[in-house]
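The values are calculated or read from the model by the stated rules, or taken from the named source; none is laboratory data. As the structure is a prediction and not an experimental result, all values here were calculated from the model. Here Cβ is always computed from backbone atoms with ideal geometry, including for glycine, and neighbour counts include all displayed protein chains.
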Amino acid sequence: MPEEALIVVDMQRDFMPGGTLPVPDGDKIISKCNGYIKNFKKRGALIVATRDWHPKNHISFKAQGGPWPRHCVQDTPGAEFVVELPQDAVIISKATEPDKEAYSGFEGTNLAEILRENGVKSVYVCGVATEYCVKATALDAVKNGFETYLLLDAVKGIKPEDEELALKELEKAGVKLLPSL
């Protein structure tokens, strides 16, 4: 059983340049994420991909009083992954209910159980956006007892100053920041 997992956070079209909620230069980490997916797959690690999977009337959308434009609506091109996932990747859909927000891949999902059932002890996190879903997922990984690493060369944030604060918060919480692997 794999003792480690790679968690690829929200690498979806709507979060890339040209999408409805783009992370600046988010597309620049696609090849890095793909490289980590291949590397971790070769090592026998569990590959997990989280995704926003919103209903059309999700609470986070401006039309419903939320802060964000409509994005990653279920079964739309904007919700599609932009990374190359293996057939056996575990897909975790979050924020699937109209009235519940979820930034973390653990929030309202069975991700912790899946990791434990597979014998995972360490998780490595990459994806977008550093100060939102990446941060929330990494913090929850620590809270769930997993040794947690952030792959700095495969994450992108929205605002550099917010990303810097997020990295400090993650480090303080026990997440190990790795420049690369």
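From K135, K94, K143, grab the single residue that is closer than 19 Å to E169 by Cα, crowded, with 23+ Cβ neighbours inside 10 Å and of a type in the set (K, R).
Among K135, K94, K143, only K135 is closer than 19 Å to E169 by Cα, crowded, with 23+ Cβ neighbours inside 10 Å and of a type in the set (K, R).
Taking the condition touching a residue at least 24 places away in the same chain (Cβ under 8 Å), buried (at least 20 other Cβ atoms within 10 Å of the Cβ) and either touching a Leu at 6+ places or on another chain (Cβ under 6 Å) or closer than 24 Å to P2 by Cβ (or both), does V155 pass?
Here the answer is yes, as V155 does meet what is asked.
Out of (1) of a type outside the set (G, A, S); (2) assigned to a helix (DSSP H, G or I); (3) touching a Ser or Thr at 6+ places or on another chain (Cβ under 6 Å), the odd one out for N34 is which?
(3)
Can you pull out every residue in region 1-23 that is touching a residue at least 24 places away in the same chain (Cβ under 8 Å) and over 25 Å from D140 (Cβ atoms)?
T20 - this is the single residue of region 1-23 that is touching a residue at least 24 places away in the same chain (Cβ under 8 Å) and over 25 Å from D140 (Cβ atoms).
Report yes if some residue within region 154-167 is in contact with a strand residue (DSSP E or B) (Cβ under 7 Å, 6 or more places away or on another chain), closer than 15 Å to Y124 by Cβ and in a helix (DSSP H, G or I); otherwise report no.
Looking for residues that are in contact with a strand residue (DSSP E or B) (Cβ under 7 Å, 6 or more places away or on another chain), closer than 15 Å to Y124 by Cβ and in a helix (DSSP H, G or I), one finds none in region 154-167, hence no.
Can you find a residue in region 108-115 that is at pLDDT 95 or above, outside any loop (DSSP other than H, G, I, E, B) and either surrounded by fewer than 16 Cβ atoms within 10 Å (Cβ to Cβ) or in contact with a helix residue (DSSP H, G or I) (Cβ under 7 Å, 6 or more places away or on another chain) (or both)?
Within region 108-115 (the criterion being at pLDDT 95 or above, outside any loop (DSSP other than H, G, I, E, B) and either surrounded by fewer than 16 Cβ atoms within 10 Å (Cβ to Cβ) or in contact with a helix residue (DSSP H, G or I) (Cβ under 7 Å, 6 or more places away or on another chain) (or both)), the answer is yes, since at least one residue qualifies.
Only one residue in Y132, Y103 is out of contact with any Ser or Thr (no Cβ under 9 Å at 6 or more places or on another chain), outside any strand (DSSP E or B) and at pLDDT 95 or above, so which one is that?
None of the others qualify; the one that does is Y132.
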